[in-house]
1. Given the options Thr141, Thr127, name the one that is of a type in the set (Ser, Thr, Tyr), modelled with pLDDT of 95 or more and crowded, with 18+ Cβ neighbours inside 10 Å.
2. Test of understanding: among Gly198, Gly153, Gly162, which residue is assigned to a helix (DSSP H, G or I) and not charged (D, E, K, R)?
3. Which one is nearest to Val144 (Cα to Cα), of the residues in segment 72-82 that are out of contact with any Phe, Trp or Tyr (no Cβ under 6 Å at 6 or more places or on another chain) and buried (at least 19 other Cβ atoms within 10 Å of the Cβ)?
4. Of Val208, Val180, Val203, which residue is β-branched (Val, Ile, Thr), in contact (Cβ under 8 Å) with a residue 12 or more places away in the chain and either in contact with a Lys or Arg (Cβ under 8 Å, 6 or more places away or on another chain) or surrounded by fewer than 24 Cβ atoms within 10 Å (Cβ to Cβ) (or both)?
5. Filter segment 145-177 for residues that are buried (at least 19 other Cβ atoms within 10 Å of the Cβ) and either free of Cβ contacts under 8 Å to residues at least 24 places away in the same chain or in contact with a Phe, Trp or Tyr (Cβ under 6 Å, 6 or more places away or on another chain) (or both) and give the result.
6. Being hydroxyl-bearing (Ser, Thr, Tyr), surrounded by fewer than 17 Cβ atoms within 10 Å (Cβ to Cβ) and either in contact with a helix residue (DSSP H, G or I) (Cβ under 6 Å, 6 or more places away or on another chain) or not in a helix (DSSP H, G or I) (or both) is the requirement here; does Ser122 meet it?
7. In segment 59-96, what residues are of a type in the set (A, V, I, L, M, F, W, C) and in contact with a His (Cβ under 9 Å, 6 or more places away or on another chain)?
8. So which of Asp140, Asp212, Asp189 is within 30 Å of Gly28 (Cα to Cα) and within 15 Å of the chain's Cα centre (by Cα)?
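The values are calculated or read from the model by the stated rules, or taken from the named source; none is laboratory data. Quick caveat: nothing in here was measured; it's all calculated off a predicted structure. Cβ: placed from backbone, ideal geometry, glycine included. Neighbour counts: every protein chain shown.
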Amino acid sequence: MTETIDSGRPLSPMIAPSILSADFARLGDEIAAIEGADWVHVDVMDAHFVPNLTLGLPVVESLLAATDIPLDCHLMIDNPGRWAPGYAEAGAYNVTIHAEATDDPIAVAKNIRAAGARAGLSVKPGTPIEPYLEILRHFDTLLVMSVEPGFGGQSFIPDVLGKARIVRDLVDAGELQVLVEIDGGINADTIEQAAAAGVECFVAGSAVYNTDDPAEAVRKLRARAAAIAG
């Protein structure tokens, strides 16, 4: 896993394979296959906020017992204030909610942190970042969606990279301390574009799990991002 400096920012790019692209009947084995990954990205969907239904807290609890890799839980759900603290209490490392799903993201972030996890804020491709810049100081992670949330295997939307650049500039200027993460359509080609925009953590699903050697895919993706970021 990637080491961090005192500010919490990674010394090298982070790769967070998404188990949305894994075999749900073999999740324990699928996570074991990504040895060396920094986080395991877990997409929680409720078929209301997004048009898909995946898994919930009981499965996350089982995953926590099966791996030492930190879980990055991405809650694509309505009413995240009700459910998010439970994921933190269970032991998730990072719990991300959607800006579009709550009227009080700061309160949810405080509850996530109080329950023991890092708090993340995510925005859909069509959601501007500017209205949320002021509240990002209450969060540890910004997750920029580079596809419409709901299904894996979609094509990367490059226009969202402007959001990453804006936030990374604020981080570099010392005005924010937040990890910039991206999710959607990340592969060997698009990861370079995202790294050039200042992204530090890359969620990759099919680019990892649709290969013969997921652990090697993780290493190759990190190396491609590092070549740009470095």
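1. Details: Thr127 fails: crowded, with 18+ Cβ neighbours inside 10 Å.
Result: Thr141 is the single residue among Thr141, Thr127 that is of a type in the set (Ser, Thr, Tyr), modelled with pLDDT of 95 or more and crowded, with 18+ Cβ neighbours inside 10 Å.
2. Gly162 is the lone residue from the list that is assigned to a helix (DSSP H, G or I) and not charged (D, E, K, R).
3. Quick first cut of segment 72-82, residues out of contact with any Phe, Trp or Tyr (no Cβ under 6 Å at 6 or more places or on another chain) only: 74-75, 79-82.
Add one more test, that the residue is buried (at least 19 other Cβ atoms within 10 Å of the Cβ), and what stays is 74-75, 80.
Working: His74: 11, Leu75: 13, Pro80: 18 Å.
Selected residue: His74.
4. Working: Val208 fails: either in contact with a Lys or Arg (Cβ under 8 Å, 6 or more places away or on another chain) or surrounded by fewer than 24 Cβ atoms within 10 Å (Cβ to Cβ) (or both); Val203 fails: either in contact with a Lys or Arg (Cβ under 8 Å, 6 or more places away or on another chain) or surrounded by fewer than 24 Cβ atoms within 10 Å (Cβ to Cβ) (or both).
When all the criteria are applied, what remains is Val180.
5. Ser146
6. Details: hydroxyl-bearing (Ser, Thr, Tyr): yes; surrounded by fewer than 17 Cβ atoms within 10 Å (Cβ to Cβ): no; either in contact with a helix residue (DSSP H, G or I) (Cβ under 6 Å, 6 or more places away or on another chain) or not in a helix (DSSP H, G or I) (or both): yes.
Considered against the rule, which asks whether it is hydroxyl-bearing (Ser, Thr, Tyr), surrounded by fewer than 17 Cβ atoms within 10 Å (Cβ to Cβ) and either in contact with a helix residue (DSSP H, G or I) (Cβ under 6 Å, 6 or more places away or on another chain) or not in a helix (DSSP H, G or I) (or both), Ser122 comes out as no.
7. So in segment 59-96, the residues of a type in the set (A, V, I, L, M, F, W, C) come out as 59-60, 63-66, 69, 71, 73, 75-77, 83-84, 88, 90, 92, 95.
Of everything in segment 59-96, those that are of a type in the set (A, V, I, L, M, F, W, C) and in contact with a His (Cβ under 9 Å, 6 or more places away or on another chain) turn out to be Leu71, Cys73, Leu75, Met76, Ile77, Val95.
8. One residue alone meets the criteria, Asp140.
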